[in-house]
Amino acid sequence: MEAHAESRHEETNQTSSHRGLLQTLHTFFSGNETDLRRNSSKEILTLLLDKVECPVGRQQTCNRCLQADTLLSMAGKGLGSKLDDDTMQKISVILLFYILNKKDFCSSPADVLNMDYLFYRNGILNLRKDEDCHYLSTNELEDILEETRRYFQISHGQGCSDVNSLEKDFGVLHSIDEMSLPRLAEVILTASIQHICVRRDTLPSVDFFTDSIFKSLNRTNELFAAVIQNLVISCLAKILNGRPPPFNY
């Protein structure tokens, strides 16, 4: 029963994190659907900034340095602009950049706030200076997820959503570029303000498994097809009998 409840809880968390950021913010306002549509851009963005600049658990050490109108301006929009999905995704990129660079961001706001959206987008894509600045690498994505979890004080536990499953929603499993980064930023930010852990599940490298196979067979440099076949059969037999394979991680 407990396992079933945990599964349902995780499923609910994952489903809620798939909602758009704007829709998620609307859920924090009381009232019916008509009332939600009347919430002004300033009210919605003020709520968003409250949850990002002063997340749960960090209110006592919160230093605000952003305003709703400046956030819209940074996204290339005026204060009266409608908050559509495109605008919210650009804002998500800016706020993700803010989270990753909070110390520098708030120490000299005049310089940072005068930058356009491309500055923040390219800053995230070039998170690691020694990697391709046009794509977000696996290492950079893990850096972002780790820093976001730390910033929002979200535990890395069983309730985490695998970022791979979230990425499937917008089809960028292997290549996150300037076009797909805004949607990814929105997904990460939406999950974070709901206090949902997002992680990237990783497996050991191919070399780990190769070395383990050679070690289990007491070989150093060559394997024959018959030997590999026997190893596969042996592993399957052990798994079916409830025993672990000859290599663990």
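Please treat every number below as a calculation from the coordinates, not as lab data. The structure presented is a predicted model; accordingly, all values stated were derived computationally and were not measured. As a convention, Cβ positions derive from the backbone with ideal geometry for all residues, glycine included, and neighbour counts pool all protein chains shown.
For the residue pairs Lys77/Lys103; Lys102/Lys129; Lys77/Lys129; Lys82/Lys103; Lys42/Lys77; Lys51/Lys129, the alpha carbons lie more than 21 Å apart in Lys77/Lys103; Lys77/Lys129; Lys82/Lys103; Lys51/Lys129. Karplus-based coupling profile of the range 175-191, in residue order and whole Hz: 9, 9, 10, 5, 7, 9, 4, x, 5, 4, 4, 5, 4, 5, 5, 4, 5, with θ = phi - 60° in 6.51 cos²θ - 1.76 cosθ + 1.60 and x standing for Gly or Pro. Put simply, when 143-153, 75-85 are sorted by average Cβ atoms within 10 angstrom per residue, most first, you get 143-153, 75-85.
Once you list every other residue whose beta carbon is under 14 Å from the beta carbon of Met115, what net charge do they have if Lys and Arg are +1 and Asp and Glu are -1?
Taking every other residue near Met115 into account, the sum is -1.
Under a 5 Å amide H cut-off, with hydrogens placed 1.01 Å from N, Val198 pairs with Ser161 among residues at least 5 apart or on other chains.
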